[in-house]
Amino acid sequence: MAARRKPRPQRKGSASPAKRHPGRSSRREQAPHPPPGYSLEAFLIHGRERTEHWDFSHHVVPPLSASSTFRLESHARGESGFCGFADPASRGRGPKVFIYERLDEPVRAMLEERLAAAEGAPVCVAFASGMGAISAAITHRLRAGDEVVAHPTLYGCTYSLLTNWLPRLGVRVRYHDLVNGLGSLRLKQRTRVVYLETPANPTLQILDIEAVAEKVQRANRGRSPEEACRLIVDNTFATPFCQRPREHGAEVVVGSLTKGINGFGTDMGGYVAAEGEDESSLLVFRKDFGAALSPTPAWRILNYGLPTLELRTSRQQENAQEIAEWLAAHPKVARVQYPGLADSQGYEIARRQMHDFRGRFAPGSLIYFEVEGRGRGAARRADRLVDHIAEHGYVITLAVSLGQIRTLVERPGGMTHSVLPEEVARTCGIGPGGVRLALGIEEPEDIRRDLEAALAAL
Ligand SMILES: *Cc1c(COP(=O)(O)O)cnc(C)c1O
């Protein structure tokens, strides 16, 4: 064990410590980063050699911590732990005092530090699922009477959160087409959140983060930091390997760890990457609403998921490009949307905003396509396609989720996005014959074999 520094005496009352630093401009805060000269990839594998989140110094692999509570040598230590929790002034000041797993925990904290680095954010807070992170990111600063503006093409549960739950709490939710109607977007004094996904689930529609961020920044002129509107981008489809929304002006990034970052389909989790000034509110929200990421999934994501993100995603992306081109030429496929195809919607924007850690174009690992046909006929054919894969396919699995080493297929209209009313699905561009394909790391010929057989059977 490394010697622990004596905890600094701290002021009491950690509920809203951010208030004590009203002038703090967290823009100056840096994201965690590798030593000079080393790559971000290296940091995702090695992290910091010494970290305030961990006081073991001889393990190569951080031990899997499984302790819901922590021994306190003295009442004073317990008191300083409680007072220091969620206090921005205590961040980066030597070993933390851990109290109870739901508040803070070493393995999760190490994962948060590396996720923050991946997203280029000063801080990151991890949750038990992507939805735990999304609900926290959206609501932690809201009050009754505030408004959320969202692009309508969204993950089904996010759509349900915004449509079914927030209005009950007195929060207005306004859907606005941020692709075709950005020019007419008006943000009101009470608009506190603008929310979008890009590429959007399930249609892979591409939104221009920079253009939306500009609107939000203009609306924020003259507003106090407490009243500022935040642009929140769900980066689940791209993962930070293919896109870092903060580089394009978004303040807050949310994502599911369950998908590409875990990558093996073994665990659930979610994260919010943000400015330092949001950290205490997010931590207190997580403590009180309770959706904290457990150390076991955090440990697997820290040791297996994040270090292999680049390897896995590069391979998946190669597969996606090859399969997208092949599908686009197939006579039974009406339309393919993949940000790596030059005739896909938003291709020019994708070329600008989707880059891997080395700056190469990174259009990601998901494809949306529609089988030939109209209306119910198309829906039946898409059903037959995925059923054929379920029955005869070997490397493609009919299942929701994405970003895994296994290739997964689903029909959003009837599954992940069935909560959407038909007319909303239509405005979102989710056709009845729509199919979502999430590429794995298999050989592309094997993936094509399953698809070829299923398309031939239509
Ligand atoms: C899966 C998903 C989520 C939710 O993540 P969970 O970990 O399942 O809660 C949110 N957004 C998008 C785009 C997703 O694909």
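Fewest to most neighbouring Cβ within 10 Å: what's the order for Tyr100, Tyr155, Tyr368? Walk me through the intermediate numbers first.
Working: Tyr100 16, Tyr155 21, Tyr368 25.
Placing the least packed residue first, the sequence is Tyr100, Tyr155, Tyr368.
Given the Cα-Cα distance of Asn164 and Ser68 and 0.36 nm per residue of separation, how much length would full extension add, in nm?
Numbers: separation 96, 0.36 × 96 = 34.56 nm, distance 3.35 nm.
My answer for the length gained is 31.2 nm.
To the nearest 20 Debye, how big is the dipole of the chain about its Cα centre, given +1 on the beta carbon of each Lys and Arg and -1 on that of each Asp and Glu?
Working: 60 positive and 53 negative charges, 381 e Å.
Charge dipole, the chain, about its Cα centre: 1820 debye, nearest 20.
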Ala144 and Ser184 label points (each 7 Å along its Cα→Cβ direction) are spaced in nm at 3.2 nm
How big is the stretch 218-340 by the Kirkwood estimate over distinct Cα pairs, in Å? 17.1 Å
For the chain, using Cα atoms only, the Rg and Dmax in Å read 22.4, 73
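Semi-axes of the equivalent ellipsoid of the stretch 66-212: what are they in whole Å, largest first, if each equals the square root of 5 times a C-alpha gyration tensor eigenvalue?
On the way: eigenvalues 264, 60, 42 Å².
Semi-axes, largest first: 36, 17, 15 Å.
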Rounded to a whole number, what is D in µm²/s for the stretch 51-142 from Stokes-Einstein with the Kirkwood radius over alpha-carbon pairs (37 °C, 0.692 mPa s)? 224 µm²/s
Roughly what % antiparallel, to the nearest 5, for the DSSP beta bridges in the chain? 55 percent
What is the spin-label model distance, in nm, from Glu227 to Ser39 if the labels are put 7 Å beyond Cα along the C-beta direction? 4.7 nm
Could you sort the peptides 163-176, 263-276 by per-residue average Cβ neighbour count (10 Å cutoff), highest mean leading? 263-276, 163-176
Can you pull the Kirkwood radius for the stretch 310-456, inverse mean 1/r over Cα pairs, to one decimal in Å? 15.5 Å
Given a Förster distance of 45 angstrom, what is the FRET efficiency for Glu372 paired with Glu79, based on the Cβ-Cβ distance and rounded to 0.05? 0.10
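In percent, how large is the relative contact order of the chain, given Cα pairs closer than 8 Å and 6 or more residues apart? Before the final figure, lay out the partial values.
Values: 905 pairs, mean separation 74.0, N = 458.
Relative contact order here is 16 percent.
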Using mean Cβ contacts within 10 Å as the protection proxy, how do 34-43, 144-153, 240-249 order, highest first? 240-249, 144-153, 34-43
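Rule-based calculations on the coordinates, nothing more; no lab input. Remember, it's a predicted structure, so these values are computed and weren't measured experimentally. Positions of Cβ are backbone-derived with ideal geometry, glycine not excepted, and every protein chain shown enters the neighbour counts.
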